[in-house]
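Asks: Right, I'll just put the structure down here and ask away after.
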Amino acid sequence: MGAIDVWSQITTERMANAPWLATLLRWTNRTDKPLIPSVEMTLEAMDAADVDISLLAAWHGPQGSYISNAEVDAQIDAAPDRFRGLATVDLTNPMQAVRDIRKWVDGEKFVGVRIVPWLWDLPPNDRRYYPVYAACIEAGVPFCTQIGHTGPLLRSETGRLIPYLEDVLLDFPELVVVGGHVGFPWIDELISLTIKFPNFYVDTSAYAVHRLPASFVEYMKGVGAGRVMFGTNWPMLSPQRCLEQLDKLGLSDAQKDAFLFGNARRVFNL
């Protein structure tokens, strides 16, 4: 069984030209390369690393849409056996956000909702998220977000797990939460929330596995074995680049399978 990439996007020109993306391009040495991959390029990158399914995210921020739900819907239609979607919403219009989740998120084609807190400069315990959480529970899908420091030159405070995300997990015990980008430098908080909350998960997007913090790798071998999922942040990083040194982590076969596809298949009902 091939891998499942739980954090990817097929960027639009609107997103590629966003000023905050410049830092990520420098980090990943992509300043001289196009950041608007086609569906075909995305499938080729997946095939090169034996990735069966990628979850394509829509993006919306205070400045408007970067990748709309409708655009992700069309991307999925181009390869329905290989793609699923993560919908997005406009936090400034909570009731429309609920309607959008009810419209797009069916648990089959769109299998979750993603909002990136640093883009809004709003921590996840802000009141504007709360209708979104209720709608995710109603739809039976995970809420996906970003945890840890922020790559773009924007505040990292919104990525702190305690108290912000902990408040959400306390207020919505039925909500399944997937935190992307590992959570560094707050790995101890990540481990604490994993032990405390059975519905909290994390993905390794934005990290090639050989760059994962040592404490995170140990977490993957212990309490995190059933909680960590593979992600890339494509097209910033390719699946092949992310996984090229996977065997050096020292994971057992069972831990490796859970990381690559088992946990994601269970959590997103794939």
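The values are calculated or read from the model by the stated rules, or taken from the named source; none is laboratory data. The structure displayed is predicted, hence computed values, not measured ones. Every residue, glycine as well, gets a Cβ built from its backbone with ideal geometry; the counts of neighbours run over all protein chains shown. Quick note on the areas: whole protein, heavy atoms, side chains included, nothing else; ligands and nucleic acids left out. Shrake-Rupley method; radii C 1.70, N 1.55, O 1.52, S 1.80 Å.
Asks: Would you confirm whether any residue within segment 204-216 is open to solvent by less than 20 Å² (accessible area, probe 1.4 Å), polar (S, T, N, Q) and either closer than 15 Å to residue 114 by Cα or under 16 Å from the mean Cα position of the chain (by Cα) (or both)?
Replies: So far as segment 204-216 goes, yes, one or more of its residues are open to solvent by less than 20 Å² (accessible area, probe 1.4 Å), polar (S, T, N, Q) and either closer than 15 Å to residue 114 by Cα or under 16 Å from the mean Cα position of the chain (by Cα) (or both).
Asks: Could I ask something else about it? What's the number of the condition residue 200 fails, among (1) farther than 22 Å from residue 132 by Cβ; (2) open to solvent by less than 40 Å² (accessible area, probe 1.4 Å); (3) among the aromatic types (Phe, Trp, Tyr)?
Replies: Unmet for residue 200, out of (1) farther than 22 Å from residue 132 by Cβ; (2) open to solvent by less than 40 Å² (accessible area, probe 1.4 Å); (3) among the aromatic types (Phe, Trp, Tyr): (1).
Asks: Restricting to segment 217-227, what's the tally of residues that are crowded, with 20+ Cβ neighbours inside 10 Å and not small (Gly, Ala, Ser)?
Replies: Total meeting the criteria: 3.
Okay, residues lined up against (1) of a type outside the set (Gly, Ala, Ser); (2) exposed (fewer than 14 other Cβ atoms within 10 Å of the Cβ); (3) in a strand (DSSP E or B); (4) touching a residue at least 60 places away in the same chain (Cβ under 8 Å):
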{"position": "170", "(1), (2), (3), (4)": "yes, yes, no, no"}
{"position": "184", "(1), (2), (3), (4)": "yes, no, no, no"}
{"position": "192", "(1), (2), (3), (4)": "no, no, no, no"}
{"position": "195", "(1), (2), (3), (4)": "yes, yes, no, no"}
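Asks: Could you tell me how many of the residues in segment 233-254 are in a helix (DSSP H, G or I) and open to solvent by 40 Å² or more (accessible area, probe 1.4 Å)?
Replies: Counting residues in segment 233-254 that are in a helix (DSSP H, G or I) and open to solvent by 40 Å² or more (accessible area, probe 1.4 Å) gives 6.
Here's the yes/no breakdown for (1) in contact with a Lys or Arg (Cβ under 8 Å, 6 or more places away or on another chain); (2) among the polar types (S, T, N, Q); (3) in a helix (DSSP H, G or I); (4) touching a residue at least 12 places away in the same chain (Cβ under 8 Å):
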position	(1), (2), (3), (4)
91	yes, no, no, yes
97	no, no, yes, yes
111	yes, no, no, yes
118	yes, no, yes, yes
123	yes, no, no, yes
128	no, no, yes, yes
132	no, no, yes, yes
141	no, no, no, yes
145	yes, yes, no, yes
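Residues are listed down the side, and each one gets a yes or a no for (1) at pLDDT 95 or above; (2) hydroxyl-bearing (Ser, Thr, Tyr); (3) closer than 20 Å to residue 267 by Cβ:
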| residue | (1), (2), (3) |
| --- | --- |
| 142 | yes, no, yes |
| 169 | yes, no, yes |
| 186 | yes, no, no |
| 191 | yes, no, yes |
| 197 | yes, no, yes |
| 219 | yes, yes, yes |
| 224 | yes, no, yes |
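Asks: Which residues, counting only those in segment 204-232, are of a type in the set (Phe, Trp, Tyr), closer than 20 Å to residue 186 by Cβ and part of a loop (DSSP other than H, G, I, E, B)?
Replies: Matches in segment 204-232: 207 only.
Asks: I want to confirm something. Restricting to segment 147-159 and keeping residues that are part of a helix (DSSP H, G or I) and surrounded by 17 or more Cβ atoms within 10 Å (Cβ to Cβ), which single residue is farthest from the chain's Cα centre (by Cα)?
Replies: Once the filter is applied, the top-ranked residue is 158.
Asks: Right, another one. Picking from 230, 259, which residue would you name as being aromatic (Phe, Trp, Tyr), crowded, with 18+ Cβ neighbours inside 10 Å, under 23 Å from residue 176 (Cβ atoms) and in contact (Cβ under 8 Å) with a residue 60 or more places away in the chain?
Replies: One residue alone meets the criteria, 230.
Asks: If a residue has to be open to solvent by 10 Å² or more (accessible area, probe 1.4 Å) and in a strand (DSSP E or B) to count, how many in segment 42-64 make the cut?
Replies: Residues flagged as open to solvent by 10 Å² or more (accessible area, probe 1.4 Å) and in a strand (DSSP E or B) within segment 42-64 amount to 5.
Asks: Sticking with this structure for a sec: Among the residues of segment 223-240, are any within 14 Å of residue 49 (Cβ to Cβ) and among the charged types (D, E, K, R)?
Replies: Within segment 223-240, none of the residues are within 14 Å of residue 49 (Cβ to Cβ) and among the charged types (D, E, K, R).
Asks: Ok, one more. Out of 137, 76, 101, 162, report the one residue that is in a helix (DSSP H, G or I), over 19 Å from residue 15 (Cα atoms) and open to solvent by less than 10 Å² (accessible area, probe 1.4 Å).
Replies: One residue alone meets the criteria, 101.
Asks: Considering only residues that are within 17 Å of the chain's Cα centre (by Cα) and of a type in the set (Ser, Thr, Tyr), which ones fall in segment 217-247?
Replies: Result: 232, 238.
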